[in-house]
1. (1) assigned to a helix (DSSP H, G or I); (2) touching a strand residue (DSSP E or B) at 6+ places or on another chain (Cβ under 9 Å); (3) crowded, with 24+ Cβ neighbours inside 10 Å: which one isn't true of residue 190, the others all being true?
2. Out of 297, 275, report the one residue that is surrounded by fewer than 23 Cβ atoms within 10 Å (Cβ to Cβ) and under 26 Å from residue 157 (Cα atoms).
3. Filter segment 54-95 down to the residues that are more than 23 Å from residue 171 (Cα to Cα) and without any contact (Cβ under 8 Å) to a residue 60 or more places away in the chain and list them by number.
4. Is one or more of the residues making up segment 313-327 in the same structural domain as residue 35 (by TED's automatic domain parsing), assigned to a helix (DSSP H, G or I), in contact with a helix residue (DSSP H, G or I) (Cβ under 6 Å, 6 or more places away or on another chain) and within 19 Å of residue 36 (Cβ to Cβ)?
5. Consider only pairs whose beta carbons are under 8 Å apart and that are at least six residues apart or on different chains; among these, list those whose first residue lies in segment 1-19 and is farther than 21 Å from residue 101 by Cβ and whose second residue is at pLDDT 95 or above and part of a loop (DSSP other than H, G, I, E, B).
6. Can you confirm whether residue 144 is over 27 Å from residue 28 (Cβ atoms) and either crowded, with 24+ Cβ neighbours inside 10 Å or touching a strand residue (DSSP E or B) at 6+ places or on another chain (Cβ under 8 Å) (or both)?
7. Run down 212, 254 and say which single residue is surrounded by 19 or more Cβ atoms within 10 Å (Cβ to Cβ), within 17 Å of residue 117 (Cα to Cα) and touching a helix residue (DSSP H, G or I) at 6+ places or on another chain (Cβ under 9 Å).
């Protein structure tokens with residue numbers, strides 16, 4: 001990106017994890033945009049060179065100070081491969097508050113807008129609606145918010161999967177790269193078994209991601225939205241890495257509850273967070289754009305339901321945008337996202353940048 005200054009800003013959380021913010025500065029601006037990835041991905045999803053990515057789009061359209069966050073779910077870190085029994089509450093309590101504090105240290109009182117994807121979206125809203133992150137001018141929530149809903153097959157996988165994987169197969173994480181494990185290992189055999197159920201393409205990492213996230217062939221995106229000439233499909237394992245299966249337990253509890261709730265109310269580390277993250281939703285005046293594809297086979301109509309629920313409490317504050325022909329993540333990494341999706345995000349940001 002010509003004329004853009006790139007700098008990396010490491011910081012630590014209160015529970016002693018090292019995370020990073022990366023700044024893309026093209027011009028000083030009163031409005032700062034923070035991009036937040038989801039579980040298994042990283043800030044790489046926002047700076048992909050294969051197409052006009054979200055960072056470039058924002059820099060070219062009036063938002064000259066863009067930051068990306070790599071928090072504990074990022075595949076740039078080893079945390080997803082460790083048996084730490086982390087939950088979404090850890091992210092909400094420690095990662096996002098620390099990231100916003102570090103960001104504020106550099107940008108001061110300027111307006112901060114957040115664009116978040118998947119469980120990055122859920123966890124950031126948990127921080128915001130839980131009262132530990134304040135002062136956000138607007139937020140774009142891609143795919144899912146505080147009312148996670150999943151297909152029926154995914155509900156079954158969430159209910160039994162973590163126990164089967166950990167205690168039956170001895171696997172504390174899932175990884176799209178299991179196809180590259182040595183022959184006859186549990187990881188390689190699981191990958192082969194999953195691929196047998198996914199004849200829609202010849203990329204094992206694509207099959208494993210459908211197994212990890214959702215129900216569909218494929219689950220995370222529409223194949224036709226990924227440009228074959230850019231090899232995005234072939235390098236999906238680089239973009240979306242391993243996932244600690246304990247996160248699935250927390251998602252399962254939320255799906256059963258129909259809303260974002262605390263995983264362990266007795267955990268003193270999360271005492272500053274509410275048991276029910278929607279309990280005081282009325283007091284949060286940050287407008288949220290709930291964005292989703294109409295073929296979301298990971299979190300189905302979660303954002304539609306969340307928008308409906310919040311709109312009843314605060315009429316007119318939040319917005320909903322359903323993108324025709326898109327799924328879960330192709331709204332960010334799709335070959336034509338800069339034409340079909342990003343302008344709608346830009347319009348929302350500009351209307352909240354006054």
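1. All conditions pass for residue 190, except number (3).
2. Details: 297 fails: surrounded by fewer than 23 Cβ atoms within 10 Å (Cβ to Cβ).
Going through 297, 275 in turn, the sole match is 275.
3. Within segment 54-95, the subset more than 23 Å from residue 171 (Cα to Cα) is 54-70, 92-95.
Within segment 54-95, 55, 56, 59, 60, 64, 65, 66, 67, 68, 69, 70 qualify.
4. Of all residues in segment 313-327, those in the same structural domain as residue 35 (by TED's automatic domain parsing) come to 313-327.
Still in the list and also assigned to a helix (DSSP H, G or I): 313.
Those still in the list that are in contact with a helix residue (DSSP H, G or I) (Cβ under 6 Å, 6 or more places away or on another chain) too: 313.
Those still in the list that are within 19 Å of residue 36 (Cβ to Cβ) too: none.
Within segment 313-327, none of the residues are in the same structural domain as residue 35 (by TED's automatic domain parsing), assigned to a helix (DSSP H, G or I), in contact with a helix residue (DSSP H, G or I) (Cβ under 6 Å, 6 or more places away or on another chain) and within 19 Å of residue 36 (Cβ to Cβ).
5. From segment 1-19, the pairs are 1/26; 3/26; 4/26; 5/26.
6. Values: over 27 Å from residue 28 (Cβ atoms): yes; either crowded, with 24+ Cβ neighbours inside 10 Å or touching a strand residue (DSSP E or B) at 6+ places or on another chain (Cβ under 8 Å) (or both): yes.
Yes: the conditions hold for residue 144.
7. Working: 254 fails: within 17 Å of residue 117 (Cα to Cα).
Residue meeting the stated conditions: 212.
Here is a yes/no grid of residues against (1) part of a helix (DSSP H, G or I); (2) modelled with pLDDT under 95; (3) within 25 Å of residue 54 (Cβ to Cβ):
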site: 125; (1), (2), (3): yes, no, yes
site: 128; (1), (2), (3): yes, no, yes
site: 137; (1), (2), (3): no, no, yes
site: 144; (1), (2), (3): no, no, yes
site: 148; (1), (2), (3): no, no, yes
site: 155; (1), (2), (3): yes, no, no
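The values are calculated or read from the model by the stated rules, or taken from the named source; none is laboratory data. Please read all numbers here as calculations on a predicted model, not as lab measurements. Quick reminder, even Gly has a Cβ in these numbers, built from the backbone with ideal geometry, and neighbours come from all protein chains shown.
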